[in-house]
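See below for the structure under consideration.
The values are calculated or read from the model by the stated rules, or taken from the named source; none is laboratory data. Computed from a predicted structure; not experimentally measured. Cβ atoms come from the backbone with ideal geometry, glycine included; neighbour counts cover every protein chain shown. Surface areas here come from the heavy atoms of the whole protein model, side chains and all, with no ligands, DNA or RNA. Shrake-Rupley method; radii C 1.70, N 1.55, O 1.52, S 1.80 Å.
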Amino acid sequence: LRQVLGSRAIALGEQRAGCTQAPGGTGALRLAGEFIAKCLPGRSIWLSDPTWPIHETLFAAAGLRVQHYPYVGAENRLDVDGMLAALQQVPCGDVVLLHGCCHNPTGANLTADQMAQVIALMQTKGAMPFIDIASGLGDGLEADAQITRQIASAFDNCLIAASCSKNFGIYRERTGILMAVARDAAEQGIAQQNLAFLNRQNYSFPPDH
């Protein structure tokens, strides 16, 4: 939690962030899909085109309607204009998956200024960000977490699925975390209860690390 959210970690952890350990980042993503299906019924999830292939099947398996926004165009260059145009069509309440760093599979990352444009548009549309991050695989733990912190600071609600398997050299341990950042402490309690319920239905309890 502290690594992903930095100086905001203590306040968010105590007051706003429901958290649960998961079996790897992939386990956190699947749990998030079920969380969205349960707590935001009827909402779509928007994925970049292209994205990590398992995103497509994983969220479909959780029962979510999957939509797409352009991300890269010719010569593996970011299509920021296309991305913003597509996000203009996102209905209020839908979830938009963003890669926190090291976009998979292209490696093309938004700059802080480009992300600020995306954030402003999503705020206008009432969309909820969902960040998939494995920090430390690009420019270092701190630098890689900056966009995630930028997003978490800008929204009352967001989801963050973080992998700690590769970046901390414990891949075989399958260590991940899902955070549901809520508006306030009361909403955080509801989010935490739902995360605990879904954990129990899936694998009772994740490995103890």
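For Q89, the stated conditions hold: it is free of Cβ contacts under 8 Å to residues at least 24 places away in the same chain and either open to solvent by less than 10 Å² (accessible area, probe 1.4 Å) or over 22 Å from A191 (Cα atoms) (or both). Scanning for something at pLDDT 85 or above and in a loop (DSSP other than H, G, I, E, B), does the range 172-182 turn up at least one residue? Checked against the condition, which is being at pLDDT 85 or above and in a loop (DSSP other than H, G, I, E, B), the range 172-182 yields at least one hit. If you go through the range 98-119 and keep only what is open to solvent by 30 Å² or more (accessible area, probe 1.4 Å) and touching a Gly at 6+ places or on another chain (Cβ under 9 Å), you end up with C102, G107, N109.
Across the range 120-133, the number of residues qualifying as surrounded by 19 or more Cβ atoms within 10 Å (Cβ to Cβ) and out of contact with any Ser or Thr (no Cβ under 9 Å at 6 or more places or on another chain) comes to 5. Note on the range 156-171: residues that are at pLDDT 90 or above and open to solvent by 70 Å² or more (accessible area, probe 1.4 Å) amount to 1.
Could you count how many residues in the range 76-86 are touching a Pro at 6+ places or on another chain (Cβ under 7 Å) and either free of Cβ contacts under 8 Å to residues at least 24 places away in the same chain or surrounded by fewer than 20 Cβ atoms within 10 Å (Cβ to Cβ) (or both)?
Residues flagged as touching a Pro at 6+ places or on another chain (Cβ under 7 Å) and either free of Cβ contacts under 8 Å to residues at least 24 places away in the same chain or surrounded by fewer than 20 Cβ atoms within 10 Å (Cβ to Cβ) (or both) within the range 76-86 amount to 3.
Beta carbons closer than 6 Å, at least 6 apart along the sequence or on distinct chains, pair a first residue in the range 60-73 that is of a type in the set (S, T, Y) with a second that is outside any loop (DSSP other than H, G, I, E, B) and surrounded by fewer than 19 Cβ atoms within 10 Å (Cβ to Cβ) for Y71/D49.
Residue-level check: of (1) assigned to a helix (DSSP H, G or I); (2) at pLDDT 95 or above; (3) touching a strand residue (DSSP E or B) at 6+ places or on another chain (Cβ under 8 Å); (4) farther than 23 Å from A112 by Cβ, A37 misses just (3).
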